Amino acid sequence: MLLDEGMQPESAEDFYARVRAATGPDRRLDVAVEEMPGWDIYPFEIDSLRIKPLQPLADEEPPRAGEDPAECSCAGPPDPALGERLVWSNERWQLHLDTDLKLPIGLNLGPLEHCDLPTVPDHLAGEMGRLLVAVSAGVESLPSVGRVQVAKYGDGGAHLHLFVFGRPARMLQLRGSPLLDWEENLPPVPLEVHRANAEHVARHLLATVGGTGPAWL
């Protein structure tokens, strides 16, 4: 079916105007109690919850770190701190461990070549899919993980990073999209536990896609 040539994508101003029209005199939206705040997995009580006032529409999207490839961190010398958290790598990709995360495991996968998700070149795109499958399988094989979640944000930096989170097994309140809201309030995970879980994932990757494991392995 041919699309009507007169149909145009909605502008940012039109989208914002529709949201603004739904706010009250204090520019606040109502809490959508039939949506996520009403779910049994939502981590906060909704009786005292209210949404912040809607801010004006920005004139433009702010620049991110590394918009200029020459100024991106991937163009400079390797960060020693990242080297200590390197779980797996090959000639094109690196997988790092987030030791600050309070989940059983949190990893981020990124290419050595500078690109963002909409600009991943063909020679990396297929491998990216295979790596995500392998990393996800390794994470879900951890005894403390019930499910794996994958995310891409990119509002702070222009270099692609794909985040892989392990949701704690049998903690059903932590299911779904509220996982990271719960995570902020969990107790810290000991470094040795982070490393043991990361080593388990690294061994899975080495067995399935090859590459190089962590320095401590």
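Values for this structure:
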{"read-out": "Pairwise Cα inverse-distance average, inverted: Kirkwood Rh of the range 51-159 (Å)", "value": "16.1 Å"}
{"read-out": "Cleavage-rule hits (chymotrypsin sites (Phe, Trp or Tyr not before Pro)) in the range 147-201: DSSP loop, at most 16 neighbouring Cβ within 10 angstrom", "value": "Y153"}
{"read-out": "Leading residue at positive end of dipole, the chain (Cβ point charges), from P43, A169, T212", "value": "A169"}
{"read-out": "Computed over the chain, Kirkwood Rh from alpha-carbon pairs, angstrom", "value": "20.2 Å"}
{"read-out": "Spacing of the two label points (7 Å from each Cα toward its C-beta) at E127 and E60, in nm", "value": "3.4 nm"}
{"read-out": "The chain: calculated mean residue ellipticity at 222 nm from DSSP helix runs of at least 4, using -39500 (n - 2.57)", "value": "-8000 deg cm²/dmol"}
{"read-out": "³J(HN,Hα) computed for each position of the range 109-125 - Karplus, 6.51 cos²θ - 1.76 cosθ + 1.60, integer Hz, glycine/proline x", "value": "10, x, x, 6, 6, 6, 6, 10, 4, x, 10, 4, x, 4, 6, 10, 4"}
{"read-out": "Gaussian network model of the chain, springs between alpha carbon atoms under 10 Å - residue of D30, D98, D181 with greatest fluctuation", "value": "D30"}
{"read-out": "Highest average packing first - 192-198, 119-125, 8-14, Cβ atoms within 10 Å", "value": "192-198, 119-125, 8-14"}
{"read-out": "R0 of 45 Å, Cβ-Cβ distance V33-A70: FRET efficiency to nearest 0.05", "value": "0.40"}
{"read-out": "Helix 191-208 vs. the chain, principal-axis angle (Cα, 0 to 90°, nearest 10)", "value": "80 degrees"}
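Each reported figure results from applying straightforward, stated rules to the coordinates on display, with no laboratory input. Since this is a predicted model, take the numbers as computed values, not measurements. Please note: Cβ atoms are built from the backbone with ideal geometry, for glycine as well, and neighbour counts cover all protein chains shown.
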